[in-house]
1. If the Cβ limit is 9 Å and pairs must be 6+ apart or interchain, which residue in segment 615-629 that is touching a residue at least 12 places away in the same chain (Cβ under 8 Å) pairs with which residue that is among the polar types (S, T, N, Q) and not in a helix (DSSP H, G or I)?
2. Residue check: is Val360 at negative phi, surrounded by fewer than 19 Cβ atoms within 10 Å (Cβ to Cβ) and modelled with pLDDT of 90 or more?
3. Considering segment 193-228 alone, what residues qualify as being within 27 Å of the chain's Cα centre (by Cα) and part of a loop (DSSP other than H, G, I, E, B)?
4. Every residue in segment 430-459 that is over 21 Å from the mean Cα position of the chain (by Cα) and under 23 Å from His497 (Cα atoms), please.
5. Have a look at Ser441, Ser447, Ser425, Ser421 and point out the one that is among the polar types (S, T, N, Q), surrounded by fewer than 17 Cβ atoms within 10 Å (Cβ to Cβ) and modelled with pLDDT under 80.
6. Give the residue, chosen from Ala527, Ala479, Ala486, that is more than 20 Å from Asn591 (Cβ to Cβ), out of contact with any Lys or Arg (no Cβ under 6 Å at 6 or more places or on another chain) and crowded, with 19+ Cβ neighbours inside 10 Å.
7. Show me the helices (runs of 4 or more DSSP H) found entirely inside segment 498-568 where at least 3 residues are among the polar types (S, T, N, Q).
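The values are calculated or read from the model by the stated rules, or taken from the named source; none is laboratory data. Bear in mind the structure is a predicted one, so any value in this text is a computation, not a measurement. When we count neighbours, we look across all protein chains shown, and the Cβ atoms used for this are built from the backbone with ideal geometry, even at glycine.
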Amino acid sequence: MAIMSAEHSEDDTAGFGLSEASGGHRPLPGTGRSRVDFTEFELALAQVLVADKHLDQRQLRHCQRVKKKLSEEKSLLLILQELGHADRPLLLRAMRKCPVKLRLGEMLIQLGYLKLAELRSALSIQKECSEHKSLGQVLVENHFLPEGRLLDVLSVQLGVARVEPQFGKINDQVLRNVTPRWCRDGMLMPMKLYKGHMVIASVDPLNQSVRDYAVKVYGSKVVLALASKRSIEDAINAFESRQRRTTTQKNSSGSSEVVMLADSILADGLVAEASDIHIEPMASQVRIRFRCDGVMLPHKVIAREHLDALISRLKILAGADITERRRHQDGRIVFEDPRSGQNVDLRASFFVTIYGEKVVLRVLSSKVEMLNVEELGLPPRGIETFFNDVLDTPSGIILITGPTGSGKTTTLYSCINYLNSIERSIITAEDPVEYLVEGISQCSLNSKIELTYRNTLPYMVRQDPDVIVLGEIRDNFSADAAIQAALTGHKVLTTFHTEDTIGSLLRLMNMNIETFLISSTVVSVLAQRLLRRICPHCAKPYKPNSTELKRLGYNPAELEGGNFHLGAGCEKCRFSGYKGRLGVYELLVLNEQVKDAILRNASSYEIRRVSFETSEMTTLLEDGMLKAYRGETSITEVLRHLPRIEKPRPIKEIKRLTGSK
């Protein structure tokens, strides 16, 4: 499913082509004889960046010097990103204004989304196709790049806005003159009225016949924006589903009270974007709570007499035994989200307590679009190291570690998304499969039919994989299987439950894995946590107090210039002061010195000291402090969730090590 890119929001006037045409830029002042190192497009783009004051002459000359010294050819756009002068969203905005236009493949190479060899391979596949396919189709279908990235670049090339229709956010007035059939026939989805123009999502916004089709209903003031076919189809399906539901409600005499109660609890949980829904029996009442952004929040209380009927209804939906009330049970519910009309998977757990059965429903996001590795929140130098020294290595084990609910699965699938290409065979064993990925072989384990790690792993190796993904290392057998797969030349990605990076290595040692096997197979360990992000709608400046400084080991002078904030609480964040979450990371890449310390069975203190001195590793606490210093999260969150094994280094030193500004 496509996502709204940060650089093209629906409220961006220029994005919908409704703003006045921008004036011409002044000629770029001379920058010396090395000017010829830049192509015509790069010179024009630099002119836009300078005119908009995103780049100055000193930075441009620096880029020219770097370009001349590089042994391999690199575009100005890549150099700007690597030097920290610009990011991709800024460059995409500048490319919209650039008078020199490029073809799609050239734009993808300039931005670093594709390599020249990959483009040539895609063009070769395109020529060999029996049916005509666009280059974009070939690139996405063969996993050269994600569809979201392609659409971001296409929107720039075509000069149209990039949108994602979300049916739950579309006003009913927008759809009153159309039907799902009309939307499907034109592959269109009306989205909103913007400055007197109707914004409509389309897979082909420059097609005149499509525009004429829309004009017949909405008049001449129509703006077609680019969206993926899948996102438009999802919105149309939701439109159809709502119409069916409305018709059913009109024709039926009404649902029973318990059915309506169960549906309302599930619907409210989805609206609140809860990761878990808790239904908890107590002595005189039943409490319902939602886990939002990792924290339990009260929702409502219902009468005790409704419990048995509610549990029975949920068991029927989950396929559990309604007559069994003495044993714990599991099940799966497929629930239709009333906002979007899409089916949502819920994993149900029924747990017997002294007051009755408690139910926890875990919301599984099987259709959520995976993040790119760059979007996880790793610092600039950490991203570079993670790509070059971890993901791009041919073999070895990559461990992603942290407690339950720390975002390990999201990170794991971001790595899979990066590695997924036509040239690689990827196979997984998961319990259960949480994200569905096209182009890889996924196996969902099931202990009831003895489809376990022990029975599955031997068969995985015989499938000729390049990359093996294990949902989790749980015991000695799965740890040993991962080691053996790495020894035979496979790249292995897996998750682990430990406190930090060094703890993962020590736990492997305690599982009786030989130290020489650990040092020769483990490439890196990435530890992570999720902290709540300060709500942008109610954030207020804040100065850390003496107690917080003492607990962190800082003095006030060391945190001078910090942009510390706290959320005051508002309706947008349910008065919690936080909205959304961000990742905090600790990346350890095993170099020779760290491997030597493992071989010597060194203590955790010694391994940590060697990692600090030789691999420039920053801790979870240090990464959290840097994000709090920038106002992204609070010191309270840092103290609550991050291990404080030793005093963090000064902020200036952390910035230097991470390459952050």
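1. Ser615/Asn591; Leu620/Gln528; Gly624/Thr633; Leu626/Thr618; Leu626/Ser660; Lys627/Thr633; Ala628/Ser634; Tyr629/Asn563
2. Numbers: at negative phi: yes; surrounded by fewer than 19 Cβ atoms within 10 Å (Cβ to Cβ): yes; modelled with pLDDT of 90 or more: yes.
Taking the combined requirement at face value, the residue satisfies it.
3. Val203, Asp204, Ala227, Ser228
4. Cys443, Ser444, Leu445, Asn446, Ser447, Leu451, Thr452, Tyr453, Arg454, Asn455, Thr456, Leu457
5. Details: Ser441 fails: modelled with pLDDT under 80; Ser425 fails: modelled with pLDDT under 80; Ser421 fails: modelled with pLDDT under 80.
Step by step, each of Ser441, Ser447, Ser425, Ser421 is checked, and only Ser447 is among the polar types (S, T, N, Q), surrounded by fewer than 17 Cβ atoms within 10 Å (Cβ to Cβ) and modelled with pLDDT under 80.
6. On the way: Ala527 fails: more than 20 Å from Asn591 (Cβ to Cβ); Ala486 fails: more than 20 Å from Asn591 (Cβ to Cβ).
Ala479 is the lone residue from the list that is more than 20 Å from Asn591 (Cβ to Cβ), out of contact with any Lys or Arg (no Cβ under 6 Å at 6 or more places or on another chain) and crowded, with 19+ Cβ neighbours inside 10 Å.
7. 501-510, 515-521
Results for (1) crowded, with 19+ Cβ neighbours inside 10 Å; (2) among the polar types (S, T, N, Q), shown as yes or no for each residue.
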residue: Arg162; (1), (2): yes, no
residue: Lys169; (1), (2): no, no
residue: Asp172; (1), (2): no, no
residue: Thr179; (1), (2): no, yes
residue: Arg184; (1), (2): no, no
residue: Met191; (1), (2): yes, no
residue: Lys195; (1), (2): no, no
residue: Ile200; (1), (2): yes, no
